[in-house]
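Take a look at the structure set out below.
Where a number appears in this text, it was derived from the coordinates with a stated rule and is not lab data. Keep in mind that this is a model prediction, so the values were computed, not measured. Neighbour counts are summed over all protein chains in view; Cβ atoms, including those assigned to glycine, are modelled from backbone coordinates with ideal geometry.
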Amino acid sequence: MLSILSYFGLAFSALLPVVNPLGSALIFLGLVGLEPVDVYRSLARKIALSTALFLIIVEFVGSAALAFLNISLPVVQLAGGLVLAAMGWRLLDEKDGDTSGPALPASASTGSLDAKIFYPFTFPVTAGPGCIVVMLTLSAHASRGDLSTRLMADAGIVAAVVVLCFTVFLSYTYAPALARKIAPQTVRGILRVIAFVLLCIGVQIATNGITALASAAQHVTTGAHGRQGAPADLGARGALSASAPG
């Protein structure tokens, strides 16, 4: 039981700042736009469920899938960071629309919004590449120990994911209510700031990937030079020993 609580706290504290339900809700609000409250509630429920399934799948099979495809974590960071940066730039560069008109009928856009449940609402808005890296790290950390320890660790991680996705559901459901309590100009300003932060997060994640790839390449180059220099050193030492007086 102590192991479950330990991994629950570890996973929840690691995922919460990466997912950032309140900040993601504002981005979600900017992407969805003017829609009825029922549409927001339906989307929030589907996105929360999709996010939970996505993170749990990554936790159980992510490392094996990346190994099978021969994809490293730095590559995931680089590609995912670029996707996040592109979304942040698109939101930052978006022209202000007319927010004074009535909400669109649900039948006019529900279908197109449902098509976006996984991309981009689940990935990368809610659970981006940072979440993938965190889940893969937690999975590697939980794999140590015997079977019972692994099962308790997995239970704690899954419980943390479920609780976190419930906070996502609440944040996304009440995103329009939050926006109604704030002036439209303030909402647009907050969305611009969040978009800029999203752009910065994407660039930072991509930079981390580039740094890790450069470090790995440097280690490979250093190792190759060391292997090439070893025979020469051995040959030099052999020549010196052969020429030395007996």
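A viscosity of 1.306 mPa s and a temperature of 10 °C, combined with the Kirkwood radius over C-alpha pairs in the Stokes-Einstein formula, give segment 2-209 a diffusion coefficient of 89 µm²/s. Each 10 Å bin, from zero up to the one with the longest distance, holds this percent of the alpha carbon pairs of segment 130-206: 15, 28, 29, 18, 8, 1. The peptide list 203-213, 150-160, put in order of mean Cβ contacts within 10 Å with the highest first, becomes 150-160, 203-213. Protection proxy ranking of 167-179, 65-77, by the mean of other Cβ atoms within 10 Å over each peptide's residues and highest first, is 167-179, 65-77.
Residue by residue, segment 165-170 carries 3J(HN,Hα) couplings of 5, 5, 5, 5, 4, 5 Hz when phi is fed to the Karplus relation 6.51 cos²θ - 1.76 cosθ + 1.60 (θ = phi - 60°); x denotes Gly or Pro. Whole-Hz Karplus values for segment 22-32 come out as 5, x, 5, 5, 5, 5, 4, 4, x, 6, 7 Hz, taken residue by residue from phi with 6.51 cos²θ - 1.76 cosθ + 1.60 and θ = phi - 60°; glycine and proline positions read x.
A simple rule links phi to the HN-Hα coupling: the Karplus curve 6.51 cos²θ - 1.76 cosθ + 1.60 with θ = phi - 60°, which for segment 75-86 gives 5, 4, 4, 5, 5, x, x, 5, 5, 4, 4, 5 Hz, with x for Gly and Pro. Overall, segment 2-209 carries a charge dipole of about 200 debye about its Cα centre when +1 sits on the Cβ of Lys and Arg and -1 on the Cβ of Asp and Glu, all other atoms neutral. Evaluated over the Cα positions of segment 141-186, the convex hull gives a direction-averaged projected area, one quarter of its surface, of 4.4 nm². When Rg and the Kirkwood radius Rh are both evaluated on Cα atoms of segment 47-97, their ratio Rg/Rh stands at 1.14.
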